[in-house]
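Report on the following structure.
The values are calculated or read from the model by the stated rules, or taken from the named source; none is laboratory data. Note that the structure is predicted; figures quoted are calculated from it, not measured. Virtual Cβ from ideal backbone geometry, glycine too; neighbours counted across all protein chains shown.
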Amino acid sequence: MIYPKTNSSQQWVETGASYERRYQVCAILSRTGSQNFWLRTPYLHRSGANRIHVEIEFTMSSCEGRNDGLVLSCRETFDLYYIEANADYATETTPSWNSPPYTKIRRIAADGRFSMQNDVRNTVDEVFGPVSQNGFYLAFQDQGACMAILRVRVYYIKCPSVIAGLARFPETITGSEVTSLVSVTGTCLENTERIGSHDPTYQCQSDGMWILLRGSCGCKAGFELQENTCSGKFFLFLIF
């Protein structure tokens, strides 16, 4: 969704082939005194995620040397926002194009800027949360940059399914904070049983890595450990 929808070439414009879509804007020549151009994603389901990552690849034109007297305002940043919702309800006017109701994630600046002589691509990975409703929208606000958004990847992190201490731990979504540790109870593998009085537990941390394994399982009587599994013992009887 683009706001405002005008016939001006200075608003967000979708360009490129079907396999390489991009949105670009360049409102630095505006004489209206209002450089406030928004671009909003479709409704995105959070799928149980607690923290959302947004990877953005973009280009940004340098403001250096733009002194021809036609430039009203030139910036080298844009703002990234989100708003949560339990269902897809957005229209051209709802929610209103302001902050709030949108929550700003960050003002993003380019590490590399292009001129007529080169083309520099920037990639940033922003994180926001915790999120609790069924989904959300992302929004990009331009206030006078000459830029293009080339690619947006939205994802969340999970700790993978793993076997440790002869117990199986399921795939687990990371917690709501960067410091969160999600405690997961494992299930003893076939032909094993819990050792001691506590079930095996593992901690899933925000980077998708498992840490702090406590407790374990062991082979039941009549079985022995062979390559992380417990197999039945085989006896060889020699008769003379």
- prompt: For the subset of region 202-224 comprising residues that are free of Cβ contacts under 8 Å to residues at least 24 places away in the same chain and touching a strand residue (DSSP E or B) at 6+ places or on another chain (Cβ under 8 Å), which member is surrounded by the fewest Cβ atoms within 10 Å (Cβ to Cβ)?
  reply: Gly222
message: For region 97-108, check the following and say yes or no: at least one residue is modelled with pLDDT under 90 and of a type in the set (Gly, Ala, Ser).
response: yes
query: So which of Arg106, Arg153 is in contact (Cβ under 8 Å) with a residue 40 or more places away in the chain and either of a type outside the set (Gly, Ala, Ser) or on the phi < 0 side of the Ramachandran plot (or both)?
result: Arg153
query: Can you tell me which residues in region 188-201 are surrounded by fewer than 16 Cβ atoms within 10 Å (Cβ to Cβ) and of a type in the set (Ser, Thr, Tyr)?
result: Ser197
task: Scan region 166-221 for residues that are part of a strand (DSSP E or B), of a type in the set (Val, Ile, Thr) and out of contact with any Lys or Arg (no Cβ under 9 Å at 6 or more places or on another chain) and jot them down.
output: Val182, Val184, Thr185, Ile195, Ile211
- prompt: Has region 119-141 got at least one residue that is basic (Lys, Arg) and free of Cβ contacts under 8 Å to residues at least 60 places away in the same chain?
  reply: no
field: Residue identified as over 30 Å from Thr174 (Cβ atoms), at pLDDT 90 or above, out of contact with any His (no Cβ under 9 Å at 6 or more places or on another chain) and not assigned by TED's automatic domain parsing to the domain that holds Thr174 among Thr41, Thr94
entry: Thr94
- prompt: Restricting attention to region 36-57, which residues are of a type in the set (Phe, Trp, Tyr) and under 16 Å from the mean Cα position of the chain (by Cα)?
  reply: Tyr43
